[in-house]
Amino acid sequence: VRELSGLKALVTGGASGIGLATARLLAARGADVAVLDLDPSAVPEPLRGYRADVTDDAMVRTAVDAVASDLAGLDIVVNNAGIGAVGTVEEGTDDQWHRVFDVNVMGMVRTSRAALPYLRASAHAALVHVCSIAATAGLPQRALYSASKGAVQSLTLAMAADHIREGIRVNCVNPGTADTPWVGRLLDQAADPAAERAALQARQPLGRLVSAGEVAAAIAYLASPAAASVTGTALAVDGGMQGL
Ligand code: NAD
């Protein structure tokens, strides 16, 4: 029997990068997996795609209700949808601050709020939030993004406390620089993307970027019954960035 057989999972932002790698891994381990994304039309079998924008509360509720109905329940929610933002406090406009918090923080709040009634009915309920090493690393030029991810980490701890007696575990993973389409898009903005990629890799203690599959493996662990006593933690998957 595969580790996640019989469990029903939802991955937000699951059409790309870390979310897609996670959705695939959860499915490979036996879970029934739904993906919620802005455009899930290219999501491969056996994943099921649901279209929703996590900044739209009504869309999120409709999609989560449809997932729970189609899969006949919900055990695992991976809150992964997120956007980047570059800049200092002086550079970021109010609109940019609102936008990054709306997607990265409120997106998780909306999805969790819609999913909690279903998770309460599960015997193996787990929420995993995709946070970032930016929450604690003090990275330059990332004030908006880092503040949003700091909020995600605090939200994870608070939710773990609120829901532990209901049998719902809440943890986060904190990736370092992970090789996803997002990072590819950032590198493509450089004058010489290949040289920029080499420089970025050289800056990593590990000498390379973290892979989306490595982050997915940590998420799958936190979501699994093997982690039944693990809640309120932040698991760094950062190639040694933290503390170095
Ligand atoms: P990605 O851009 O490859 O994928 C993000 C997915 O989220 C996309 O499919 C996108 O359509 C979806 N999404 C974005 N806004 C959405 C919205 N409003 N509603 C629904 N879906 C939405 O990015 P990724 O690198 O895989 O990042 C995934 C998560 O990992 C994010 O939360 C990000 O902050 C976090 N993270 C990434 C890195 C990295 O280096 N790649 C590092 C640390 C944390």
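Within segment 41-61, can one find any residue that is β-branched (Val, Ile, Thr), under 22 Å from Gly213 (Cβ atoms) and either within 17 Å of the chain's Cα centre (by Cα) or modelled with pLDDT of 95 or more (or both)? The answer is yes, given that some residue of segment 41-61 is β-branched (Val, Ile, Thr), under 22 Å from Gly213 (Cβ atoms) and either within 17 Å of the chain's Cα centre (by Cα) or modelled with pLDDT of 95 or more (or both).
Taking the criterion of being among the β-branched types (Val, Ile, Thr) and either buried (at least 23 other Cβ atoms within 10 Å of the Cβ) or out of contact with any Gly (no Cβ under 9 Å at 6 or more places or on another chain) (or both), the residues of segment 44-73 that qualify are Val54, Val60, Thr62, Val64, Val67. When Gly87 is tested against (1) away from the ligand (no atom under 15 Å from the Cβ); (2) closer than 24 Å to Glu3 by Cβ, only condition (2) is not met. Taken over segment 129-161, the criterion of being within 12 Å of the ligand (Cβ to nearest atom) and either in a strand (DSSP E or B) or closer than 10 Å to Gly232 by Cα (or both) is satisfied by His129, Val130, Arg142, Gln153. For Ala28, the conditions (1) touching a helix residue (DSSP H, G or I) at 6+ places or on another chain (Cβ under 8 Å); (2) without any contact (Cβ under 8 Å) to a residue 60 or more places away in the chain all hold with the exception of (1). Filtering segment 1-35 down to residues that are in a helix (DSSP H, G or I) and away from the ligand (no atom under 16 Å from the Cβ), which residue is surrounded by the most Cβ atoms within 10 Å (Cβ to Cβ)? Applying the filter and picking the extreme gives Ala27.
The values are calculated or read from the model by the stated rules, or taken from the named source; none is laboratory data. It should be emphasised that the depicted structure is a prediction, and the values quoted were computed from it without experimental measurement. When we count neighbours, we look across all protein chains shown, and the Cβ atoms used for this are built from the backbone with ideal geometry, even at glycine.
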